[in-house]
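Let me begin by presenting the structure, written as structure tokens, before commenting on it.
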Amino acid sequence: MSELQRCVQSDEVQAKNISSRRNFVRSTALAAAAFVASKKAFALAAERPPADEASAIHLGLASYTFRNFTRGQMIGFLKQLSVSALNAKDVKDHLPLDPQEEAAALADYAAAGIKLHAAGTIYFPKDEDGDIRGKFEYCKRAGIAVIVAGDPAPEILPRIEKFVKEYDIRFAIHNHGPEDKLWRSPLDVLKAVKGLDQRIGCCIDVGHTVRAGTDVVEAIHEVGARLFNLHMKDLTNFQSKDSQVPVGEGVMPVKKIFEALSTIKYKGFVDLEYEVHPDDPMPGVISSFAYMRGILADLRYATEV
């Protein structure tokens, strides 16, 4: 090897070491912030009586956040985050549709102390009993209380209603913003489900809601008892899907969202859905949970994660 090659190789190694140290420092700092915020929340909780039903806010995670990671890796991340509530999706091996593979996943989650409260986003493209029943069975096997649905056509909803009644599983239609031809805003969902069973309602995605031009706080109040799941994220620009940042670094009215959820006595979960940096989401995820826990501590709301 020539002297020039040795110098170039040395510089590359040094650059990689510097980058690794920077990433380590960043992750360590964020982890410390999360720990401090969590300690603050727990300290405040210890100083007050248990929160009533109106003030309890439950934090969870949408598994889509870790779509580039295996179930085992995600379980490790959840332990690091001190999060035990999961909204699972059939992505990677998080919650496979195959019954045997699903059973293996459920066993892994049970062993790790992780509880599944919702599944999705699940799509319902067919107006057929067999297709719909298969997805309800999938959720029943997992003991899941809420189906987060992506794109059910309005004309399919009466058929879906039969399965909601049969399985007693809530059905939450997820709005997908201005690109969605059917469900731009949770208010579009609300109009379509008003005459249906009370277990058919909304999953409000706050990012897609504000991009649709809907006031997310007002939407929470309007949807009220038909709100079964909420996907939390933050944006720096309400017109740009690509402006997502860790929660607390954008302009999303997070505190007002939590206050609105408390006012309507929301009993579901606020699931972080961090969709950017799919190959390295943990720094943003850690920062997001630290911020949300800090806000909840300041509001003196009880939290469960």
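The values are calculated or read from the model by the stated rules, or taken from the named source; none is laboratory data. Every value quoted in this text rests on a predicted model; they were computed, and no experiment measured them. Here the Cβ is made from the backbone with ideal geometry for all residues, glycine too, and neighbour counts use every protein chain on show. Ligands, DNA and RNA are excluded from the accessible area calculation, which covers all protein heavy atoms including side chains. Shrake-Rupley method; radii C 1.70, N 1.55, O 1.52, S 1.80 Å.
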query: Only one of (1) open to solvent by less than 10 Å² (accessible area, probe 1.4 Å); (2) not in a helix (DSSP H, G or I) is not met by ALA219, so which one is it?
result: (2)
query: Given the structure, is VAL251 exposed (fewer than 15 other Cβ atoms within 10 Å of the Cβ), of a type in the set (A, V, I, L, M) and touching a residue at least 12 places away in the same chain (Cβ under 8 Å)?
result: yes
message: On the basis of being part of a helix (DSSP H, G or I), open to solvent by 20 Å² or more (accessible area, probe 1.4 Å), within 19 Å of SER63 (Cβ to Cβ) and in contact with a helix residue (DSSP H, G or I) (Cβ under 7 Å, 6 or more places away or on another chain), does ASP93 make the cut?
response: no
Flag if ASN175 is of a type in the set (S, T, N, Q) and under 30 Å from THR214 (Cα atoms): yes
- line: Just one listed residue, out of ALA192, ALA172, ALA225, is open to solvent by 10 Å² or more (accessible area, probe 1.4 Å) and either part of a strand (DSSP E or B) or over 20 Å from SER262 (Cα atoms) (or both), and it is ALA192
message: Tell me yes or no: at least one residue of the range 52-67 is more than 23 Å from LYS267 (Cα to Cα), open to solvent by 20 Å² or more (accessible area, probe 1.4 Å) and either modelled with pLDDT of 95 or more or not in a helix (DSSP H, G or I) (or both).
response: yes
- request: Please work out if LYS40 is modelled with pLDDT under 95, among the basic types (Lys, Arg) and touching a Lys or Arg at 6+ places or on another chain (Cβ under 9 Å).
  value: yes
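A quick yes/no check of all residues on (1) of a type outside the set (Asp, Glu); (2) within 15 Å of the chain's Cα centre (by Cα):
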| position | (1), (2) |
| --- | --- |
| ASP242 | no, no |
| VAL247 | yes, yes |
| PRO253 | yes, no |
| HIS277 | yes, no |
| MET292 | yes, yes |
| ILE295 | yes, no |
- prompt: For residues in the range 68-90 being part of a loop (DSSP other than H, G, I, E, B) and closer than 17 Å to GLY120 by Cβ, which is most open to solvent (accessible area, probe 1.4 Å)?
  reply: ASP90
query: Within the set of pairs 6+ apart or on separate chains, which have a first residue in the range 108-123 that is farther than 17 Å from ARG141 by Cβ, a second that is open to solvent by 30 Å² or more (accessible area, probe 1.4 Å), and C-beta atoms under 6 Å apart?
result: GLY113/SER84; TYR123/ASP151
message: Can you pull out every residue in the range 254-272 that is open to solvent by less than 60 Å² (accessible area, probe 1.4 Å) and in a loop (DSSP other than H, G, I, E, B)?
response: ILE264, TYR266, GLY268
Any pair with Cβ under 9 angstrom, 6 or more apart, that starts in the range 150-170 at a residue that is hydroxyl-bearing (Ser, Thr, Tyr) and ends at one that is open to solvent by less than 70 Å² (accessible area, probe 1.4 Å): TYR167/PHE136; TYR167/GLU137; TYR167/CYS139
message: Please count how many residues of the range 122-166 are assigned to a helix (DSSP H, G or I), open to solvent by 30 Å² or more (accessible area, probe 1.4 Å) and either more than 19 Å from CYS203 (Cα to Cα) or out of contact with any Leu (no Cβ under 9 Å at 6 or more places or on another chain) (or both).
response: 13
message: Step by step: first the residues of the range 106-121, then only those that are farther than 17 Å from VAL148 by Cβ and touching a strand residue (DSSP E or B) at 6+ places or on another chain (Cβ under 9 Å), then the one that is most open to solvent (accessible area, probe 1.4 Å). Which residue is that?
response: LEU106
